[in-house]
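K.L.:
Shown below is the structure under consideration.
The values are calculated or read from the model by the stated rules, or taken from the named source; none is laboratory data. Note that the structure is a prediction, hence the values are computed from the model and not measured. Please note: Cβ atoms are built from the backbone with ideal geometry, for glycine as well, and neighbour counts cover all protein chains shown.
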Amino acid sequence: MTAVEQTRHLATAIPGPNSSALIDRKAAAVSRGVGTTMPVYAARAGGGIVEDVDGNRLIDLGSGIAVTTIGNAAPRVAAAVAAQAGEFTHTCFMVTPYEQYVAVCEHLNRLTPGTGDKRSALFNTGSEAVENAIKIARSYTRKQAVVAFDHAYHGRTNLTMALTAKSMPYKHGFGPFAPEIYRAPLSYPFRDAEFGKELATDGELAARRAISVIDKQVGADNLAAVIIEPIQGEGGFIVPAPGFLATLLAWCRDNDVVFIADEVQTGFARTGAMFACEHEGIEPDLIVTAKGIAGGLPLSAVTGRAEIMDAPHVSGLGGTYGGNPVACAAALATIETIEAEGLVARAAAIETLMKDRLHRLQADDDRIGDVRGRGAMIAVELVKSGGTEPDAELTKALCAAAHAEGVIVLSCGTYGNVLRFLPPLAISDDLLHEGLDVLEAALRHLS
């Protein structure tokens, strides 16, 4: 494969004629329920660029929603996938197992926070891994209830829709949902500031608020698990106040409740640590991973304390495609790339660059209410000038303007007013600055 030129280039208007033709074909062939963010169709991608079928080269600040963390078609991954596909593509690990699955689990047990004896199990998607983490927790505790948090996103299957907070587009019209799911208040520093500085900055205080709700509405004797994203993804890249996660974990340990960290979006160097939990110094009972685990191939995992992971009966966990050998080969190459190329440090460097630019922009524009995030997982929360009221319309317009100029950006947040940045760690500083230049110009134009 020829390397993709690492420059932004608009050969046509967005979308071009070839993408427009494919948009028409999609409308005739694909369910209307499958939406798309960008009006372009990809042909090639690599580094910090996605090239479309019309020859437009777009700056990638989305990484396929945090999947191609190490860069698209990363050399080690591409080579490993080709080699494994030439050997065998599937046998089903539950029928005739293979070393690649075991090797991925060994690496997960080594890399995830915690020094004790650990086990892992592999699946296909983040939603599937979340469901299995709940199954494991229920098997271990022999309790049923599960607590998730405000603004949470955990997936689109029935159980994970119940865990997810946002109705449209994820839950609307798709119920009834799985029972025994409860919700507690998250630490959301920017919004908690409306209730006082102490709540916004004191994570322990915010955790006590959540624990009070859990005690009253569920009760520890009924609670199998608490599941939380260490940094929320779809909810708005919300970073809880320091001490929030640690206080929750301590309460879970005291009450025989399994603490599940959903690191689907935050794992594998994305936040400037291999896993986001490391920033808070916590060791979850179970960690759910997917997205960045395999360089773009479908793979997910649950990793955790051995006594919890071994609680389900033999054959209680599994799935026909879980831990596919080609995906496992990609995961091993992804982990090798992260470690060999120092990508944890690269994510931290991206944070410094992006926050410096965005904070300077915030100082000149009060519509940027908050700049937050860690590593290459950065967000700006957009508000109406002079206050903190969410501005979803500005966010939508800003995304559209960036897309038209060849910059891939994504929005998120319960209120639809958060612009999120998930650049691949292979992106150059020049492309990052250029992408931010485009956004800055668009924001000024929209004033």
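K.L.:
Pairs needed: first member in segment 104-125, farther than 12 Å from residue 286 by Cβ and in the same structural domain as residue 292 (by TED's automatic domain parsing); second member anywhere, among the basic types (Lys, Arg) and crowded, with 20+ Cβ neighbours inside 10 Å; C-beta distance under 6 Å; at least 6 residues apart or different chains.
P.N.:
The qualifying pairs are 109/118.
K.L.:
Quick one: would you say residue 78 is in a strand (DSSP E or B), small (Gly, Ala, Ser) and either buried (at least 22 other Cβ atoms within 10 Å of the Cβ) or out of contact with any strand residue (DSSP E or B) (no Cβ under 8 Å at 6 or more places or on another chain) (or both)?
P.N.:
Against the criterion (in a strand (DSSP E or B), small (Gly, Ala, Ser) and either buried (at least 22 other Cβ atoms within 10 Å of the Cβ) or out of contact with any strand residue (DSSP E or B) (no Cβ under 8 Å at 6 or more places or on another chain) (or both)), residue 78 does not qualify.
K.L.:
Taking segment 126-140, which residues are under 22 Å from residue 280 (Cβ atoms) and among the small types (Gly, Ala, Ser)?
P.N.:
Once the filter is applied, which keeps residues that are under 22 Å from residue 280 (Cβ atoms) and among the small types (Gly, Ala, Ser), segment 126-140 yields 126, 129, 133, 137.
K.L.:
Could you tell me how many of the residues in segment 1-51 are among the hydrophobic types (A, V, I, L, M, F, W, C), farther than 30 Å from residue 168 by Cα and under 25 Å from the mean Cα position of the chain (by Cα)?
P.N.:
Residues in segment 1-51 being among the hydrophobic types (A, V, I, L, M, F, W, C), farther than 30 Å from residue 168 by Cα and under 25 Å from the mean Cα position of the chain (by Cα): 3 in total.
K.L.:
Checking residue 171 against (1) in contact with a Ser or Thr (Cβ under 6 Å, 6 or more places away or on another chain); (2) closer than 22 Å to residue 264 by Cβ: exactly one of these is not met. Which one?
P.N.:
(1)
K.L.:
Let me ask something additional. For segment 368-402, enumerate the residues that are part of a helix (DSSP H, G or I), surrounded by fewer than 19 Cβ atoms within 10 Å (Cβ to Cβ) and not aliphatic (A, V, I, L, M).
P.N.:
Within segment 368-402, 393, 396 meet the criteria.
K.L.:
Of (1) surrounded by fewer than 22 Cβ atoms within 10 Å (Cβ to Cβ); (2) in contact with a helix residue (DSSP H, G or I) (Cβ under 6 Å, 6 or more places away or on another chain); (3) under 18 Å from residue 255 (Cβ atoms), residue 193 satisfies all except one. Which?
P.N.:
Looking at each condition in turn, residue 193 falls short on (3).
K.L.:
Looking at residue 104 and the list (1) of a type in the set (Val, Ile, Thr); (2) outside any helix (DSSP H, G or I); (3) more than 26 Å from residue 255 (Cα to Cα), which single condition is not satisfied?
P.N.:
Going through (1) of a type in the set (Val, Ile, Thr); (2) outside any helix (DSSP H, G or I); (3) more than 26 Å from residue 255 (Cα to Cα) one by one, residue 104 breaks only (2).
K.L.:
Moving on to the next point. Please determine whether any residue of segment 203-217 is in contact (Cβ under 8 Å) with a residue 40 or more places away in the chain, assigned to a loop (DSSP other than H, G, I, E, B) and not assigned by TED's automatic domain parsing to the domain that holds residue 352.
P.N.:
Within segment 203-217, not a single residue is in contact (Cβ under 8 Å) with a residue 40 or more places away in the chain, assigned to a loop (DSSP other than H, G, I, E, B) and not assigned by TED's automatic domain parsing to the domain that holds residue 352.
K.L.:
Here is a list: 109, 124, 132. Which entry is surrounded by 15 or more Cβ atoms within 10 Å (Cβ to Cβ) and under 22 Å from residue 34 (Cβ atoms)?
P.N.:
124
K.L.:
When you look at residue 101, is it surrounded by 13 or more Cβ atoms within 10 Å (Cβ to Cβ), touching a Leu at 6+ places or on another chain (Cβ under 7 Å) and not assigned by TED's automatic domain parsing to the domain that holds residue 423, yes or no?
P.N.:
Taking the combined requirement at face value, the residue satisfies it.
K.L.:
Hey, another quick one. Which members of segment 326-371 meet the condition of being farther than 20 Å from residue 394 by Cα and in contact with a strand residue (DSSP E or B) (Cβ under 7 Å, 6 or more places away or on another chain)?
P.N.:
Residues satisfying the conditions are 351, 354, 355.
K.L.:
Just one of 66, 13, 45 is of a type in the set (A, V, I, L, M) and on the phi > 0 side of the Ramachandran plot; which is it?
P.N.:
66
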